[in-house]
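Below you'll find the structure, written out as structure tokens, and then a few comments.
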Amino acid sequence: MTPDPWKLLELARAAASEAARLAVERRPADLGVADTKSSPTDVVTEMDTAAEALIRELILEQRPDDAFLGEEGGADSGRGAEMGHGAVRWVIDPIDGTVNYLYDLPHWSVSVGVEVDGVTVAGVVAAPRLGEVYTAVRGAGAWCNDTRLRVRPATDLGSALVATGFGYRAERRERQGAIAGALLPRVRDIRRNGSAALDLCAVAAGRLDGYYERGTHHWDRCAGTLIAIEAGAVVEGFHGAAASEQMSIAAPHGTFSALHDALVELGADDDDY
Ligand code: LIP
């Protein structure tokens, strides 16, 4: 039986909100790096791990057969897949913007996306230090708290405020920096906020004209992509591909093609970085 997306949204919101509360209230004053991943600056804190464990626990209490994909806990197929149609998977980034969280900068979020049979049907991005909870249900719209979200009107590239992010490997950062530097004179300005989920939500809220990034993971993008699409954005990769680790571009329809084509012109669609 296909689960009700609104009930999935409420469970996602409750779990994300509790994890956000934990991350704020239990953040040690002397928070340090518990582990690193792709490079010495790709960090994990004890709170990333604790927040994801809490989210999984709260969801499993109500939905013990579901599957999970989490940044810290990895993939768990659950038992729902055996039931075939209506299989639910929870896609979790417990703290998106971990470096901001480590430095006690406020721009970070808890992201929980919910897929049914592989399609994202609901998403929550909770930003507790900003006092904002972004939500969306597929086909029913996107919100920030109680405010319905709509992207900015399309704009020419020269008037566009564009966000991006950078990977952790020096070789990739060198190419990403060169692309961003070449794009800079072509746009209004560039922002590097540090949370893909919140960058996607900012496009949805009309606070950015566009966002692009190479190297994000499914858990960074899952909930924020639905929120941006439900607010009227196009969220895709290059040349009609789906958004992926290779590239994720989010912008209103008219702005999207201008940003996409500029990135292609700058070689951002090369696969060698
Ligand atoms: C972060 C992304 C961000 C990217 C950072 C980092 P994390 O995710 O949301 O867009 O630029 O390098 O990958 O690792 O904080 O969950």
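For the reader, a short list of remarks on this structure follows.
- In the frame of its principal axes, region 5-148 has Cα extents of 46, 35, 26 Å, reported largest first.
- Over region 5-148, Cα pairs under 8 Å with separation of 6+ residues give a relative contact order of 22 percent.
- For region 59-75, 3J(HN,Hα) per residue [Karplus equation, 6.51 cos²θ - 1.76 cosθ + 1.60, θ = phi - 60°, Hz, x = Gly/Pro]: 6, 5, 4, 9, 9, x, 9, 6, 9, 9, 9, x, 4, 9, x, x, 9
- Highest average first, the peptides 159-169, 139-149 ordered by how many other beta carbon atoms sit within 10 Å of their residues are 159-169, 139-149.
- With the charge dipole of region 5-148 set up from +1 on Lys and Arg Cβ and -1 on Asp and Glu Cβ about the Cα centre, the Cα lying farthest toward the positive end among the listed residues N100, V124, G32 is that of V124.
- Put simply, the C-alpha atoms of region 119-234 give a gyration tensor, and the ellipsoid matching it has half-axes of 25, 17, 12 Å, longest first.
- Charges were assigned to the Cβ only: +1 to each Lys and Arg, -1 to each Asp and Glu. The resulting dipole of the chain about its Cα centre is roughly 760 debye.
- Think of each Lys and Arg Cβ as +1 and each Asp and Glu Cβ as -1; about the Cα centre, that makes the dipole of region 226-273 roughly 280 debye.
- Listed values for region 185-196 are Karplus-derived 3J(HN,Hα) couplings in whole Hz (6.51 cos²θ - 1.76 cosθ + 1.60, θ = phi - 60°), namely x, 8, 10, 4, 5, 10, 10, 10, 8, x, 9, 4, and x replaces Gly and Pro.
- Coarse-grained scattering of the chain at q = 0.09, 0.10 Å⁻¹, given as base-10 log I(q)/I(0) from a Debye sum over alpha-carbon atoms: -0.38, -0.48
- Helix-derived mean residue ellipticity, 222 nm - over the chain, DSSP H n ≥ 4, -39500 (n - 2.57), to 500: -10500 deg cm²/dmol
- Note: relative contact order over the chain, using C-alpha pairs below 8 Å and six or more positions apart, is 16 percent.
Throughout, read-outs are computed from the coordinates displayed, never taken from laboratory work. Since this is a predicted model, take the numbers as computed values, not measurements. Backbone-built Cβ (ideal geometry, glycine too); neighbour counts: all protein chains shown.
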